[in-house]
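No value in this document is a laboratory result; all are computed from the given coordinates. The model shown is predicted, which means the values in this text are computed figures rather than measured ones. Neighbour counts are summed over all protein chains in view; Cβ atoms, including those assigned to glycine, are modelled from backbone coordinates with ideal geometry.
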């Protein structure tokens, strides 16, 4: 790095009597380094990743060379140098960049709001993308990528923000109650009891339509759950597809129920042979265990029977990233993301953010001199 060379050269250097010779020799070496750096095309990257070294070398070099020569050789302007000096010094911004110099970053109030969401026990069971969805709908009008970026700033860059799973091909409905999914999952309660929960879910809205807890995985329990959903949502004479796996719980009484001529269900057994997928409800089973059960700590089957309606109501009103921050209940009611005019609100938030950051009273000179400082709104 050119700046590192200048720093090393001047660190313990005292000009001798032959000052001109030393000066010209230095410029020859700098020209050579400049040519190599220009060929690499990484000058700005090298400067940005070695800010402290550049600033320190620049300050030392000023004792021996005119500022104009240094700027010319480093190909750096006074404005760029000033920004390097204040970079990473702001104590109010989680990014450590001066809010006044970089006004497009989130305002102090927005950054504080993110911190509050991350520390709120109400959201501790949710993954980060679900927290973003809740915050986004509640007034934090930023993109999910911006949210992730500030989480990294707040929690540390080495923090793993979000692990994205593999994308699977699945069926997609065009409206509610066109495609339903049915599956069962099992887990152990805190007292050690092993229980089953049988689910029916709507494909379009991700709404959990029915959930029945039981010690048994027999098809009679599954059939009762399905029949309860049909009655509750008046689906007896409405045609729809039912996706399920080939487990024993989806045979027997379930097949007998489907023989009813008044129930117009097309049962589809999802497996690799038919190139069909039941991934949507499989993903829900994981959410049930890692999100819902994390919030509702279930002691026993008796406790589960009491809490299960509350658990389903909690999920069905949860803002989901996969639904564009809509909740399942909103989606099944026919609401759209555009109904909330979020894009307009995001544009307004950006404008407000710029105004707030530009009105900050910031002692930039103190920052550049490494003095204590604070930012306050004008």
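Order 193-200, 177-184, 307-314 from most to least packed using the mean count of other Cβ atoms within 10 Å.
Most protected by this proxy first, the peptides run 177-184, 193-200, 307-314.
Based only on other Cβ atoms within 10 Å, what is the fewest-to-most ordering of 189, 244, 102?
With the sparsest Cβ surroundings first, the list reads 102, 189, 244.
Of the DSSP beta bridges with both residues in the range 179-328, give the percent that are antiparallel, rounding to the nearest 5.
65
Per Stokes-Einstein, at 20 °C and 1.002 mPa s, what whole-number D in µm² s⁻¹ belongs to the range 232-332, with the Kirkwood radius over Cα pairs as the hydrodynamic radius?
It comes out at roughly 133 µm²/s.
For the ranges 254-264, 65-75, 201-211, what's the packing order if you count other beta-carbon atoms within 10 Å of each residue, average per peptide, and put the highest first?
201-211, 65-75, 254-264
When you count, for each residue, the other Cβ atoms within 10 Å and take the mean per peptide, how do 30-39, 89-98, 136-145, 323-332 rank with the highest first?
323-332, 89-98, 136-145, 30-39
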